[in-house]
Structures are given as C-alpha cells and as structure tokens.
Amino acid sequence: MKHGPLLAFAIVLLPFPTMAKEGAKPVCEAVPLAEPWTSWTQSGSAVAGGDSLTAPRLILGKPVTVTLRPVAYVQYAAAPGKDAGKGQGGLFTLALKSPARVGIALSDAAWVDIVDGDMAVAAVDHGHGPDCSGIRKIVWFELTEGTHIVQIAGAPSREIRVMAADARANQPVP
C-alpha cells in the first residue's frame, strides 16, 4: 500500500510550533507557572527610583511593570556589575523579615544587582525563566534580614517587568 502524496499532506497538517523566521524560537502560549512564580502575570506598576531615597519597594511575590530611567539619571548605590553606562535603569528597595534565598525575575535583558550598604551582594545562581512564561532571566541571591537595594542597569527599553520571590515559596509546609 502506497502512502505517497496523502501521507505527505497529512504530515504537513500536523501541529508544529509557529516560527516567526528561520532560526527563531517557536511562538507559544503562556504556561501556568510553578511556585514561587505563580503571580508573575498579575498587574502592578511602578516608576523606578533615581536614587535610594526615591526607590519604590518591591514586595515578595508581587510583580510590577516598571518604568525605568536613562542610566545617566540614576545614582546607583554601588557601581553596577555590568552595563552601567548603557540603556535604562533604576533602583528599588526590598525588605526581608528573615534571611532568604531571593530570586529577581526580569522580563527583558538587563543587569540586576542587590546592594547592602555600598557593597553588591554576589549572586548565587542565575538562569532563564520557564519557556513561554515571559520571564527572560532569574538571578538568585542569599540575603540577610533587613532592607536591600535592587539595582537594574542596561535595560534596552524604558519598561520591564520585575518580580522578587522567596525560594521557600516552592517548599512544602512542614
């Protein structure tokens, strides 16, 4: 039994991811996210601070779409680790009641630092967000209790989505 043109036609009709152009990532639909990122799609907005005194507060688990500033108008608490003189940036505060491993998720390319006093805290891990989630990158930090400065630098556009999340949100309750 020959399958020739009929089989070829059937194969063409099978669902394949849509490609915007050759070599591009497949276009996909939003996916449900696991903890601690389940609230990533909620709405909220803020304007990034130009210095630590005007920096709005990030709240764990509450994403915000942020309007950034040209980096020339940002007084960073410590020199950004990268991209200090390019693009858009801004400052935020993050207060913790107890030590935590915190991830900072961004929807677009940008450099993110967390600063205590005038010293940047070393990141302990980083990676991409889940496919089709809208999270481009997540940078993880081990933080002490208290208030920290979150710095963004080198973003290509004035708007970016930001969310801070506690890794313990992914842990079962004892």
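The values are calculated or read from the model by the stated rules, or taken from the named source; none is laboratory data. Being a predicted model, the structure only gives us computed values, none of them experimental. No Cβ is skipped: glycine too gets one built from the backbone with ideal geometry, and neighbour counts run over all protein chains shown. With ligands, DNA and RNA removed, areas are computed over all heavy atoms of the protein, side chains included. Shrake-Rupley method; radii C 1.70, N 1.55, O 1.52, S 1.80 Å.
Before moving on, here are some points about what is shown:
- PHE9 being open to solvent by 50 Å² or more (accessible area, probe 1.4 Å), part of a loop (DSSP other than H, G, I, E, B), modelled with pLDDT under 75 and more than 22 Å from LYS137 (Cα to Cα): no
- Sole exception among (1) surrounded by fewer than 13 Cβ atoms within 10 Å (Cβ to Cβ); (2) within 14 Å of GLY50 (Cα to Cα) for ALA78, by number: (1)
Conditions tested, residue by residue: (1) farther than 21 Å from CYS132 by Cβ; (2) of a type outside the set (Val, Ile, Thr); (3) modelled with pLDDT of 95 or more.
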position: PRO56; (1), (2), (3): yes, yes, yes
position: VAL66; (1), (2), (3): yes, no, yes
position: LEU106; (1), (2), (3): no, yes, yes
position: ALA109; (1), (2), (3): no, yes, no
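- Of the strands (runs of 3 or more DSSP E) contained entirely in segment 71-131, those carrying at least 2 residues that are in contact (Cβ under 8 Å) with a residue 40 or more places away in the chain fall at 88-96, 100-106, 111-116, 119-121.
- Of the candidates SER98, SER52, SER45, the single residue that is open to solvent by 30 Å² or more (accessible area, probe 1.4 Å) and touching a Leu at 6+ places or on another chain (Cβ under 8 Å) is SER52.
- Number of the exception - SER157 against (1) over 13 Å from the mean Cα position of the chain (by Cα); (2) on the phi > 0 side of the Ramachandran plot; (3) open to solvent by 40 Å² or more (accessible area, probe 1.4 Å): (2)
- When GLN171 is tested against (1) modelled with pLDDT of 95 or more; (2) closer than 21 Å to LEU96 by Cα, just one condition goes unmet, and that condition is (1).
- Count of segment 79-99 residues, restricted to those that are of a type in the set (A, V, I, L, M, F, W, C) and modelled with pLDDT under 95, is 2.
- The numbered conditions (1) touching a residue at least 60 places away in the same chain (Cβ under 8 Å); (2) closer than 14 Å to ARG161 by Cβ; (3) open to solvent by 90 Å² or more (accessible area, probe 1.4 Å); (4) not charged (D, E, K, R) are all true for ILE59 except (2).
- Out of GLY49, GLY85, GLY90, GLY44, one residue alone is farther than 16 Å from LYS137 by Cα and out of contact with any strand residue (DSSP E or B) (no Cβ under 8 Å at 6 or more places or on another chain). It is GLY85.
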